[in-house]
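Notes for the one structure printed next.
The values are calculated or read from the model by the stated rules, or taken from the named source; none is laboratory data. None of these values were measured; they are calculated from a predicted model. For neighbour counting, all protein chains shown are included, and Cβ atoms are generated from backbone atoms with ideal geometry for every residue, glycine included. Calculation scope for accessible area: heavy atoms of the full protein, side chains included, ligands and nucleic acids excluded. Shrake-Rupley method; radii C 1.70, N 1.55, O 1.52, S 1.80 Å.
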Protein chains: 2
Amino acid sequence: MHDDNSSSKNEQESVLRGGEMEASVGYRLRLAQILAYRNFEEKITDHGVAPRYLGLLGIVSANPGQPQNKLADAIGLQKSSLVTILDRLEKEEILERRAIPQDRRARGVWLTPRGEKVVTELAARAADHEERMAKGIPAEDRERLIEMLGHIIDNLRS
Amino acid sequence: MHDDNSSSKNEQESVLRGGEMEASVGYRLRLAQILAYRNFEEKITDHGVAPRYLGLLGIVSANPGQPQNKLADAIGLQKSSLVTILDRLEKEEILERRAIPQDRRARGVWLTPRGEKVVTELAARAADHEERMAKGIPAEDRERLIEMLGHIIDNLRS
DNA sequence: ATTGTATTGTTCGTCTTCGTACTATTTATT
DNA sequence: AATAAATAGTACGAAGACGAACAATACAAT
């Protein structure tokens, strides 16, 4: 039915490749993300937990004072998951939660001055990582890639 | 410095968008993957834990009898993480571990007949999911997308 | 042959995320 | 105004993945 690589002595150094499944958007999306995330975290050891949540911090920087559930939606996490994350980032004085006058249930999120600085520095390193990751893909195609990913995100949100 | 949406009454239903960061491959890769994974799992409630590990099962189906560390590499997980996963899939009789004559340390992984059937069925549903996810992207671009993701994966592996 | 090094699979403790339930507040309905 | 329904944030227990350490086996170097 399928090849059985273990029967003969054709052991390669190469990574296993799957069937049709392996050539799907879903499969490669996942694998690429796992590798990218790990790769980025391995290279950045300072700044505490901030690197791991750089995406969130970017959103907060661009949209200061937003309530937590909106932030959770933006990055695709549960609001309950965000609590612990924000607790830690607040303890490290990257950001802070403050009351919002409009809604006494909500607590808006702002970056601290230190947080802004950290984000700026990490963004530069993220750009390096981006470059390494997409090396060999022409700029034009990269833009198209980003566009298509945005398209997929929109499809999945509706 | 930045807009402060909370000051005026321009509350939209729309999701927050970040700064330059938001338009990066890394950011969208992660967000798209999170949404895709959740979306897929929400829609498929039967077949136990198999749907979550369909990627792995596809690899096993295409490469029967491979040792566990090769499988871990292929899907970007730690070999220690794979142990629990395989335990569960084995308990559900989707796959089985058997000794390999060539190396007495290793235990190769095979799909059971039932596992093969489950994979076939899930693959069809994954194709549906794929279609929903990529709706609106022409087939030609989709291929290019898959190709670029593969390129990124290769870059991250080296 | 023997000794040292690398590899395979596993266990174990830790960290992260999730899902559910709960409180406080806001919004909608009567 | 009074009551019902929805929403924001949080706490807590469960599940998943990680990293480090370990035993068994394989490979390499002398």
In region B:103-156, which residues are in a helix (DSSP H, G or I), open to solvent by less than 70 Å² (accessible area, probe 1.4 Å) and of a type in the set (V, I, T)? B:V118, B:V119, B:I146, B:I152, B:I153
A:E42 is checked against (1) at pLDDT below 95; (2) part of a loop (DSSP other than H, G, I, E, B); (3) within 13 Å of DNA strand D (Cβ to nearest atom) and fails just one. What number does that condition carry? (2)
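Out of A:G55, A:G26, I need the residue that is under 30 Å from B:A124 (Cβ atoms) and of a type in the set (G, A, S). Which one? Reasoning before the result, please.
Details: A:G55 fails: under 30 Å from B:A124 (Cβ atoms).
Sole residue among the options that is under 30 Å from B:A124 (Cβ atoms) and of a type in the set (G, A, S): A:G26.
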Residue pairs within 6 Å by beta carbon, gap of at least six or interchain, first lying in region B:71-87 and without any contact (Cβ under 8 Å) to a residue 12 or more places away in the chain, second in a helix (DSSP H, G or I) and open to solvent by 50 Å² or more (accessible area, probe 1.4 Å), listed first then second, are B:A72/B:K79; B:K79/B:N69
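Kindly evaluate B:P113 against the criterion of being within 9 Å of another protein chain (Cβ to nearest Cβ) and without any contact (Cβ under 8 Å) to a residue 60 or more places away in the chain. Lay out the reasoning, then the answer.
Details: within 9 Å of another protein chain (Cβ to nearest Cβ): no; without any contact (Cβ under 8 Å) to a residue 60 or more places away in the chain: yes.
No, not satisfied.
Kindly indicate the residue of region B:21-30 that is open to solvent by 10 Å² or more (accessible area, probe 1.4 Å) and part of a helix (DSSP H, G or I) and also farthest from A:Y53 (Cα to Cα) among those meeting that condition. Don't jump to the end; show me each part of the working.
Step one: list which residues in region B:21-30 are open to solvent by 10 Å² or more (accessible area, probe 1.4 Å), which gives B:21-24, B:26-28, B:30.
Next, only the ones that are part of a helix (DSSP H, G or I) stay: B:21-23, B:26-28, B:30.
Details: B:M21: 12, B:E22: 13, B:A23: 16, B:G26: 12, B:Y27: 11, B:R28: 14, B:R30: 11 Å.
Ranking the candidates gives B:A23 first.
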Checked region B:47-101 for anything more than 13 Å from DNA strand D (Cβ to nearest atom), assigned to a loop (DSSP other than H, G, I, E, B) and buried (at least 16 other Cβ atoms within 10 Å of the Cβ); matches are B:H47, B:N63, B:P64, B:G65, B:I94
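Out of curiosity, is A:A134 closer than 22 Å to B:I34 by Cα and either away from every other protein chain (no Cβ under 11 Å) or in contact (Cβ under 8 Å) with a residue 40 or more places away in the chain (or both)? Walk me through it before giving the result.
Values: closer than 22 Å to B:I34 by Cα: yes; either away from every other protein chain (no Cβ under 11 Å) or in contact (Cβ under 8 Å) with a residue 40 or more places away in the chain (or both): no.
Considered against the rule, which asks whether it is closer than 22 Å to B:I34 by Cα and either away from every other protein chain (no Cβ under 11 Å) or in contact (Cβ under 8 Å) with a residue 40 or more places away in the chain (or both), A:A134 comes out as no.
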Which residue pairs have Cβ atoms closer than 8 Å, lie 6 or more positions apart in sequence or on different chains, and pair a first residue in region B:31-52 that is of a type in the set (S, T, Y) with a second residue that is more than 11 Å from DNA strand C (Cβ to nearest atom)? B:Y37/A:R30
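How about region B:18-28: which of its residues are without any contact (Cβ under 8 Å) to a residue 24 or more places away in the chain and facing chain A (nearest Cβ under 7 Å)? Before the answer, list the steps.
Kept after step one, since they are without any contact (Cβ under 8 Å) to a residue 24 or more places away in the chain, are these residues of region B:18-28: B:18-24, B:26-28.
Of everything in region B:18-28, those that are without any contact (Cβ under 8 Å) to a residue 24 or more places away in the chain and facing chain A (nearest Cβ under 7 Å) turn out to be B:G18, B:G19, B:M21, B:E22, B:A23, B:S24, B:G26, B:Y27, B:R28.
Can you find a residue that is of a type in the set (S, T, N, Q) and within 25 Å of B:N39 (Cα to Cα) anywhere in region A:54-71?
Step one: of region A:54-71, the residues of a type in the set (S, T, N, Q) are A:61, A:63, A:66, A:68-69.
Imposing the further condition that a residue be within 25 Å of B:N39 (Cα to Cα) reduces the set to A:68-69.
Looking for residues that are of a type in the set (S, T, N, Q) and within 25 Å of B:N39 (Cα to Cα), one finds at least one in region A:54-71, hence yes.
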Determine if region B:109-125 includes at least one residue that is within 14 Å of DNA strand D (Cβ to nearest atom) and in contact with a helix residue (DSSP H, G or I) (Cβ under 9 Å, 6 or more places away or on another chain). no
